[in-house]
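Chemist: Dropping the structure in here first, questions after.
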Amino acid sequence: MENQQTIQPLFHVLKSQQFTRPLLDELYEITNKVRRLAKTKEGLDFLRTILSDKRGMLYFVQPSTRTFLSFLNACQILGIQTSEIRDTNTSSEVKGESIYDTIRTFCSYVDVVIMRYPKAGFVEEIAQVMDQTPRPVPFINGGSGPDQHPTQALLDIYTLRQSFKDLGGLENKTIMMVGDLKRGRTVRSLTYLMKHFKGVKLIFVAPKYLQMGDDIKTFCQDVNIPFIESEDMNGLLPEADAVYMTRIQDEYDLNGESKALDYSKFHITVDNLKLLKPASIIMHPFPRRFEINIEVDKDPRAMYWRQERNGMWTRVAILAKIFNVHNKILNM
Amino acid sequence: MENQQTIQPLFHVLKSQQFTRPLLDELYEITNKVRRLAKTKEGLDFLRTILSDKRGMLYFVQPSTRTFLSFLNACQILGIQTSEIRDTNTSSEVKGESIYDTIRTFCSYVDVVIMRYPKAGFVEEIAQVMDQTPRPVPFINGGSGPDQHPTQALLDIYTLRQSFKDLGGLENKTIMMVGDLKRGRTVRSLTYLMKHFKGVKLIFVAPKYLQMGDDIKTFCQDVNIPFIESEDMNGLLPEADAVYMTRIQDEYDLNGESKALDYSKFHITVDNLKLLKPASIIMHPFPRRFEINIEVDKDPRAMYWRQERNGMWTRVAILAKIFNVHNKILNM
Amino acid sequence: MENQQTIQPLFHVLKSQQFTRPLLDELYEITNKVRRLAKTKEGLDFLRTILSDKRGMLYFVQPSTRTFLSFLNACQILGIQTSEIRDTNTSSEVKGESIYDTIRTFCSYVDVVIMRYPKAGFVEEIAQVMDQTPRPVPFINGGSGPDQHPTQALLDIYTLRQSFKDLGGLENKTIMMVGDLKRGRTVRSLTYLMKHFKGVKLIFVAPKYLQMGDDIKTFCQDVNIPFIESEDMNGLLPEADAVYMTRIQDEYDLNGESKALDYSKFHITVDNLKLLKPASIIMHPFPRRFEINIEVDKDPRAMYWRQERNGMWTRVAILAKIFNVHNKILNM
């Protein structure tokens, strides 16, 4: 246990880049322990006492089912009581209050703020502003526009490591990312974490218009992650150890430009599934539209539903770590 | 206790027809015990430990106050923690996700899904689809369009039996159902349960256009429940042991057709109340409009407010039975 | 402790006028004790057992962030489980149910109803109606249109007393109220409580059109609270021990009349802050717009954020008193 005390504490969760390999390893270990404890009523009742003195705020200004419910259930698992605002029409912002006052109000009542906000970088900005007040609380970025979704990246890494646990881990694997890489915050956040795993290669498959952003590609070059860009999903499928599918983020279209694209060659069906290696896995951050045919769900390589449930467990681990009660769980 | 083990387990709650008399009797017994326990803080604190390891989802796509709040409070009584979606604008369906993926997502996080959905038969369909996944959870139908509302029927049966407990039970009683019998899911679900009580007679009072559906009338004939159809409420009131009032379900109108009807002769007021037997009771599933004048609330035969509260207790019993912890309650 | 038993019990919380000085003193004492207990996990875990057998309804028909969240968190601190309706589109009112039936429905399921409603006097009216039913529950007025906001007044009194605790208490202080005094329910409710503190003087600063209502001014005369009316905030700032700022309540405008006013001379900035005594405090019920420049937040005399957090603690005390478990807290 002693070496655990040398691992960095965690306060705000704002972007993937803040995570170190030891911290990823620790969160991985906590997540595994939480899952084991959750198999019995005794274990779940124990978990529910861990943060029974805390209250959290879920402030989700963009629509969300998964991330919202996943965080809410993670809070409940640890005994954190929650408030939620999902519809700003019922809040004081309609009376002309500034977003800063609204969020500082949350900080008056609760111990952690989990928020989704459409503006890139805003959660980070607000966390810095609130750090100057007498009662700073941790902020967790639950998705900041097309920018970042760090807890999604953490659960993705967890899922990859679990899937490859008998295959030497995530190291030396080839990860194919498919779809709207330009505006998909999940693939952006995930790529940042790949630098912690030696020998990982990336394949970015997207229509030219939606290829991965230059900032991420520069990052890969800087940290020596080899990557290729392509439009030929089927040709490259046989090389992938994991295929990470994403949907077109047309809510960020300016003029409906993504409607004009033929997206069908970036879809997984039972047909092109045959191109995939037997030990490969298919992931998706959800929600999906047509990227993965529903028939694929029955294939054992379809990992996305387990990935989704992993999100809840990973978020339990993150919350426990933030409040520095993770050793209570690990020592249980 | 031993004979309790022979009673069928309960998983999904989808429609009235699935309930047997022994199961109704068991739910009746659990409900009574829950009500007794709920009279003290000790009892309520005990109940709150019973399902403290469970989490539930309330997914209500149609407006609801009563059923929603009743289930939510039932969950809280048993310590079940809940998530809710009542406004689909805040969920991922706006991003083009299929309803199947949305609901399977709930199943990733929670242990029971309670849902109201406008499409007849849909809750049953979705339960079957989810039963094919690796993590099936119980589904509870909280109202499926004009089709069914099985937990309402269960609470109605509970209320009838409690009201007639010193009068020989529900057996041999005459139940009058009044109003929009065609599209009222509560009277439909309730009629299915009447076959378990010998000697019950039904009186269907409705404007011709809104009379009870043929499927239900055929059912009555098949299981030998005598019924009559009439438009003459006042003429038949003296024969009723229970009068079950319902409102016009004009949300299912295609062209405002129910607006043209004179509905006033299907109303209970302090005047025609005099026609009712002293030991009779008046019920209503709520919400009401003008079917029962508010002055009637003071009459001791007005049972609808108690019926409403019984709904919460009955739903506690249903949830305890589903998770097979009802004997913890019965043995307390 | 014995003399505590002579203090009046508390059931409904409807308007400021119902509070006596002994009751204010008792709530003040409970609030202080709650804050002390809330400093440790043990204390918070203890508080969460206090009302773990109770369930509450938050029915907020007008937009609210602060009062809603403050009450919700207060409930959570005491272990009260909650239901909420903040958007009447998802409830049975859309099916034509009367507000009386809707609210009586809440009373069927829960033990306390906390409500915000736009109509003056309505919470009081509904509480009286429900008192005639077999299962009356306490109602708490969380803001009744432009009329009253009694729990805001209680938290304001708490904040004033805490701020002046080493300065002889609230007695003999000069309180300046600034802004929309005509339609600002917080200043109205607060003024009613001032009669319990000897020697308090009031300064009402507002544009003529928005000056304090005659009913409140008559009240002041009747109970011998000296007050002056003025438009000259800066000229009077040096006399104030507390400045209570409010925003223009333009949601009550009939024809946008308050848009025509020059409101800038009723604003606090770092400039006119210099006019204020070193030991004075600045309060605001929030939300704010431009009444207090954000730069003022850093001044030690800015008490509004602490005031906001005091709201949560005061509401814990109110709930504990209503359910007569406050002595459990005081004796802890």
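Chemist: Could you please let me know if A:Asp180 is in contact (Cβ under 8 Å) with a residue 24 or more places away in the chain and assigned to a loop (DSSP other than H, G, I, E, B)? So that I can check it myself, show each step before the final result.
Modeler: Details: in contact (Cβ under 8 Å) with a residue 24 or more places away in the chain: yes; assigned to a loop (DSSP other than H, G, I, E, B): yes.
Yes.
Chemist: Give all pairs with beta carbons closer than 8 Å in which a residue from region A:10-39 that is closer than 19 Å to A:Trp313 by Cβ and outside the structural domain of A:Phe164 (by TED's automatic domain parsing) meets a residue that is at pLDDT below 95 and open to solvent by 30 Å² or more (accessible area, probe 1.4 Å); count only pairs at least 6 apart in sequence or on separate chains.
Modeler: A:Leu23/A:Ile7; A:Leu23/A:Gln8; A:Glu26/A:Ile7; A:Lys33/A:Met332; A:Leu37/A:Met332
Chemist: So, one more: Name the residues in region C:95-116 that are farther than 24 Å from B:Gln76 by Cβ and buried (at least 18 other Cβ atoms within 10 Å of the Cβ), would you?
Modeler: Selection gives C:Lys95 alone.
Chemist: While we're looking at this one, here's another question. In this structure, does C:Val316 turn out to be at pLDDT 95 or above, under 30 Å from C:Val113 (Cβ atoms) and either more than 14 Å from every other protein chain (Cβ to nearest Cβ) or under 24 Å from the mean Cα position of the chain (by Cα) (or both)? So that I can check it myself, show each step before the final result.
Modeler: Values: at pLDDT 95 or above: yes; under 30 Å from C:Val113 (Cβ atoms): yes; either more than 14 Å from every other protein chain (Cβ to nearest Cβ) or under 24 Å from the mean Cα position of the chain (by Cα) (or both): yes.
Criteria met by C:Val316.
Chemist: Here's something else I'd like to know. Would you check if B:Ala120 is modelled with pLDDT under 95 and assigned by TED's automatic domain parsing to the domain that holds B:Leu78? Full working, then the answer.
Modeler: Values: modelled with pLDDT under 95: yes; assigned by TED's automatic domain parsing to the domain that holds B:Leu78: yes.
Answer is yes for this residue.
Chemist: Can you tell me which residues in region C:135-178 are under 30 Å from B:Pro300 (Cα atoms), open to solvent by 10 Å² or more (accessible area, probe 1.4 Å) and at pLDDT 95 or above?
Modeler: Let us first name the residues in region C:135-178 that are under 30 Å from B:Pro300 (Cα atoms), namely C:135-140.
Right, trim to open to solvent by 10 Å² or more (accessible area, probe 1.4 Å) and you get C:135-136.
The one that is under 30 Å from B:Pro300 (Cα atoms), open to solvent by 10 Å² or more (accessible area, probe 1.4 Å) and at pLDDT 95 or above: C:Pro136.
Chemist: Name the residue that is most open to solvent (accessible area, probe 1.4 Å), counting only residues in region A:10-61 that are hydrophobic (A, V, I, L, M, F, W, C) and under 24 Å from C:Ala38 (Cα atoms).
Modeler: Going residue by residue through region A:10-61, those that are hydrophobic (A, V, I, L, M, F, W, C) are A:10-11, A:13-14, A:19, A:23-24, A:27, A:30, A:34, A:37-38, A:44, A:46-47, A:50-51, A:57-58, A:60-61.
Okay, now just the ones that are also under 24 Å from C:Ala38 (Cα atoms), so A:10-11, A:46-47, A:50-51, A:57-58.
Details: A:Leu10: 11, A:Phe11: 89, A:Phe46: 45, A:Leu47: 0, A:Ile50: 2, A:Leu51: 2, A:Met57: 1, A:Leu58: 1 Å².
In this case the residue turns out to be A:Phe11.
Chemist: Now for a separate question. So how many residues does region A:225-246 have that are part of a loop (DSSP other than H, G, I, E, B) and over 23 Å from the mean Cα position of the chain (by Cα)? Steps first, please.
Modeler: Filtering region A:225-246 for residues part of a loop (DSSP other than H, G, I, E, B) gives A:225-226, A:231-232, A:240-241, A:246.
From what is left, the residues that are over 23 Å from the mean Cα position of the chain (by Cα) are A:231-232.
Residues flagged as part of a loop (DSSP other than H, G, I, E, B) and over 23 Å from the mean Cα position of the chain (by Cα) within region A:225-246 amount to 2.
Chemist: Go through region C:146-172 residue by residue and tally those that are over 19 Å from C:Leu193 (Cα atoms) and free of Cβ contacts under 8 Å to residues at least 60 places away in the same chain.
Modeler: Taking region C:146-172 first, the residues over 19 Å from C:Leu193 (Cα atoms) are C:166-167.
Those still in the list that are free of Cβ contacts under 8 Å to residues at least 60 places away in the same chain too: C:166.
Looking only at that region, the number is 1.
Chemist: Take the residues in region C:286-318 that are outside any helix (DSSP H, G or I) and without any contact (Cβ under 8 Å) to a residue 40 or more places away in the chain; name whichever of them is surrounded by the fewest Cβ atoms within 10 Å (Cβ to Cβ).
Modeler: Only one residue tops the list, namely C:Pro300.
Chemist: Criterion first (at pLDDT 95 or above and in the same structural domain as B:Arg183 (by TED's automatic domain parsing)) does B:Glu257 satisfy it? Give the steps one after another, and end with the answer.
Modeler: Details: at pLDDT 95 or above: no; in the same structural domain as B:Arg183 (by TED's automatic domain parsing): yes.
No, not satisfied.
Chemist: Being open to solvent by less than 10 Å² (accessible area, probe 1.4 Å) and at pLDDT below 95 narrows it down to one of B:Ser64, B:Ser70, so name that one.
Modeler: On the way: B:Ser70 fails: at pLDDT below 95.
Exactly one residue qualifies, and that residue is B:Ser64.
Chemist: Continuing with the same structure: Just to check your reading of the model, which residue among B:Leu330, B:Leu254, B:Leu261 is more than 14 Å from every other protein chain (Cβ to nearest Cβ), touching a helix residue (DSSP H, G or I) at 6+ places or on another chain (Cβ under 6 Å) and open to solvent by 20 Å² or more (accessible area, probe 1.4 Å)?
Modeler: Numbers: B:Leu254 fails: touching a helix residue (DSSP H, G or I) at 6+ places or on another chain (Cβ under 6 Å); B:Leu261 fails: touching a helix residue (DSSP H, G or I) at 6+ places or on another chain (Cβ under 6 Å).
Within the list B:Leu330, B:Leu254, B:Leu261, the selection yields B:Leu330.
Chemist: Do we have B:Asn293 as modelled with pLDDT of 95 or more and closer than 16 Å to B:Gly179 by Cβ here? Full working, then the answer.
Modeler: Values: modelled with pLDDT of 95 or more: yes; closer than 16 Å to B:Gly179 by Cβ: yes.
The answer is yes for B:Asn293.
Chemist: Can you tell me which residue within region B:183-221, out of those that are in a loop (DSSP other than H, G, I, E, B) and modelled with pLDDT of 95 or more, is most open to solvent (accessible area, probe 1.4 Å)? Spell out how you get there, then give the answer.
Modeler: The initial filter retains those residues of region B:183-221 that are in a loop (DSSP other than H, G, I, E, B), namely B:183-184, B:197-200, B:206-207, B:211-213.
Filter again for modelled with pLDDT of 95 or more, leaving B:197-200, B:206, B:211-213.
Details: B:Phe197: 6, B:Lys198: 166, B:Gly199: 40, B:Val200: 5, B:Ala206: 1, B:Gln211: 26, B:Met212: 4, B:Gly213: 16 Å².
Restricting to residues being in a loop (DSSP other than H, G, I, E, B) and modelled with pLDDT of 95 or more, the top hit is B:Lys198.
Chemist: A further question on this structure: Give me a count of the residues in region A:31-71 that are aliphatic (A, V, I, L, M), within 14 Å of chain C (Cβ to nearest Cβ) and farther than 30 Å from B:Glu97 by Cβ.
Modeler: 2
Chemist: Right, next: Just give me the residues in region B:123-134 being within 17 Å of the chain's Cα centre (by Cα) and open to solvent by less than 10 Å² (accessible area, probe 1.4 Å), in sequence order. First the steps, then the outcome.
Modeler: Here is the first cut: in region B:123-134, the ones within 17 Å of the chain's Cα centre (by Cα) are B:123-124.
The one that is within 17 Å of the chain's Cα centre (by Cα) and open to solvent by less than 10 Å² (accessible area, probe 1.4 Å): B:Val123.
Chemist: For a quick check of your reading of the model, give me the residue pairs whose first member lies in region C:264-277 and is over 14 Å from C:Asp241 (Cα atoms), whose second is in a helix (DSSP H, G or I) and open to solvent by less than 20 Å² (accessible area, probe 1.4 Å), with beta-carbon atoms closer than 6 Å and at least 6 apart or on different chains.
Modeler: Matching pairs, first to second residue: C:Phe266/C:Met233; C:Ile268/C:Val296.
The values are calculated or read from the model by the stated rules, or taken from the named source; none is laboratory data. Small disclaimer: the values here were computed from a predicted structure and weren't measured. All Cβ positions, glycine included, derive from the backbone under ideal geometry; neighbour counts span all protein chains shown. All accessible areas refer to the heavy atoms of the entire protein, side chains included, with ligands and DNA or RNA removed. Shrake-Rupley method; radii C 1.70, N 1.55, O 1.52, S 1.80 Å.
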